[in-house]
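> Please find one structure pasted underneath; my questions will follow.
The values are calculated or read from the model by the stated rules, or taken from the named source; none is laboratory data. Treat the numbers as computed from the prediction; the structure is a model and nothing was measured. Note that each Cβ is placed from the backbone with ideal geometry, even for glycine, and that neighbours are counted across all protein chains shown. To get the accessible areas, we keep the full protein, side chains included, count just its heavy atoms, and leave off ligands, DNA and RNA. Shrake-Rupley method; radii C 1.70, N 1.55, O 1.52, S 1.80 Å.
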Amino acid sequence: MTLRVRRAASEDAPAVAELFLDSFHATYEFPLAHTDDEVRGWVRDHLIPDSEAWVAIDDERVVALLVVAPGWIEQLYVEPTRLGVGIGSRLVDLAKTRSPDGLTLWTFQVNARARRFYERHGFVVVELTDGSGNEERQPDVRYAWKP
């Protein structure tokens, strides 16, 4: 694997949107709060230009996305066929270097694989909710990491 990690650029938007959609649909049985086309527009018009978005590239293909803000992992998606090979770990390490004082993130409670992944990387549960605060209305969990 010849993985490169770099900041996302506008020309990455179509690939990032498809990665996001493929990952979400492969992971969850419940629907997104937005249509696939709305997600594509959001990635193109807001996520890439307005966020600190990073992509992992392998063989000239986007295989993962990380979006960070000070103290937060806002998005972390890895292509479903590439889970478990270290790509997510590399992106979490990048997020930790971007916010060395600590990180917080949300994931859905049903995503047992993501929960195990974050816990292996030192994140601890700080809040469980009934989902009333997210658009999908699914129970979620807030994690925090402190160095």
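> What is the sum of charges around Val92, taking Lys and Arg as +1, Asp and Glu as -1, for the other residues whose C-beta is under 11 Å from the C-beta of Val92?
Within the 11 Å Cβ shell, the charges total +3.
> How far apart, in nm, are the 7 Å Cα→Cβ label points at Val5 and Arg113?
2.0
> Here's another thing I want to ask about it. Provide the per-residue ³J(HN,Hα) series for region 62-70, in order, calculated from phi with Karplus coefficients 6.51, -1.76, 1.60 and θ = phi - 60°, each as a whole number of Hz, with x at glycine and proline positions.
Per-residue couplings from phi come out as 6, 10, 7, 9, 10, 10, 10, 9, x Hz.
> For the full complex of protein chains and a 1.4 angstrom probe, list Asp36, Asp130 by accessible area with the highest value first. Provide the component values of the computation, followed by the final result.
On the way: Asp36 55, Asp130 105 Å².
Highest to lowest solvent-accessible surface, that is Asp130, Asp36.
> With contacts defined as alpha carbon pairs under 8 Å and 6 or more residues apart, what's the relative contact order of region 66-147 in percent? Could you put the intermediate results ahead of the total?
Details: 119 pairs, mean separation 22.8, N = 82.
Normalised by residue count, the contact order of region 66-147 is 28 percent.
> Taking 8 Å as the Cα distance limit and 6 or more residues as the minimum spacing, I'd like the relative contact order of region 1-118 as a percentage. The partial results should precede the final answer.
On the way: 155 pairs, mean separation 29.4, N = 118.
Here the relative contact order equals 25 percent.
> Oh, and also: In Å, the Kirkwood hydrodynamic radius of the chain over pairs of distinct alpha carbons? Provide the component values of the computation, followed by the final result.
Numbers: mean 1/r = 0.0642 Å⁻¹.
Final number for the Kirkwood radius of the chain is 15.6 Å.
> Right, another one. Only helical DSSP H runs with n ≥ 4 go in: add -39500 (n - 2.57) per run for the chain, normalise by residue count and round the 222 nm mean residue ellipticity to 500 deg cm²/dmol.
-9000 deg cm²/dmol
> What percentage of the solvent-accessible surface of the chain, computed with a 1.4 Å probe over protein heavy atoms, is contributed by carbon and sulfur atoms?
Its accessible area is 49 percent carbon and sulfur atoms.
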